[in-house]
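The values are calculated or read from the model by the stated rules, or taken from the named source; none is laboratory data. Values in this document were obtained by computation on a predicted structure and should not be read as measured data. Backbone-built Cβ (ideal geometry, glycine too); neighbour counts: all protein chains shown. Each accessible area value is taken on the protein alone, full model and side chains, heavy atoms only, with ligands, DNA and RNA left out. Shrake-Rupley method; radii C 1.70, N 1.55, O 1.52, S 1.80 Å.
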Amino acid sequence: GLKDPFMHITSLGDFSIVYTIHGLLTDVKRVITAKSNLHAMMLDELHDAGIEIVSPSFMNQRPTGDTIFIPKKDYTKVVETKNNLEDLIFDKAEQAEGIEVRKERLKEVETKIKELQAYLKDCMEEEKETVGNNIAKYESIRDRLNKNIVEKQGDLENEK
């Protein structure tokens, strides 16, 4: 799923070769799944080519011609489920961002209430009812925002 992919060999170790795969992932909200799928596909390609992947601590003491430890392909199903890792991680981030947006809106509403209260003291008598109604409207918005923020924070805490 990478656009314009390419590979670098970044180092040669005593027991390994380190490769880096580069490319553009257009759906950045799927980076964890894409990385997992990339690794699975790389293993599949290596195994299909008869290349056995073992760790440096693997003791290769078998005589020539014995079994090669290449696993079967039943584990490499592409990971695309309704509840994948990105959905879980990014949903929480988006919920937290939504809370922060509400908090900013709450600050704006509280500033507006203070401005209207200050104006109410000095306004003409015929404006006082309208200004008072506007204050009440903003206080209602403030109360709903406060309640919503508390609920959303509770939901976020309960999901941990």
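Across the cross-link table entries Lys112/Lys152; Lys92/Lys147; Lys29/Lys112, which are compared at the Cα atoms, the separations over 29 Å belong to Lys29/Lys112.
Per-residue surface analysis assigns Val150 an accessible area of about 100 Å², computed on protein heavy atoms at 1.4 Å probe radius.
Protein-only accessible surface at a 1.4 angstrom probe places the residues Arg30, Arg105 in the order Arg105, Arg30, largest first. Remark: the Asp14-Glu108 segment gains 27.7 nm on full extension, using 0.36 nm per residue and subtracting the alpha carbon distance.
Estimated at the nearest 10 Å², the accessible area of Ile51 is 80 Å² with a 1.4 Å probe. Between Glu52 and Asp155, what is the label-point separation in nm under the 7 Å Cα-to-beta-carbon projection? Here the answer is 5.3 nm between the modelled labels.
Each residue, Thr26 and Glu129, gets one label point 7 Å from its Cα in the Cβ direction; the gap between the two is 6.0 nm. Of the whole protein surface, Met124 contributes about 110 Å² of accessible area at a 1.4 Å probe radius.
Largest first, the residues Phe90, Phe15 sort by 1.4 Å accessible area into Phe15, Phe90.
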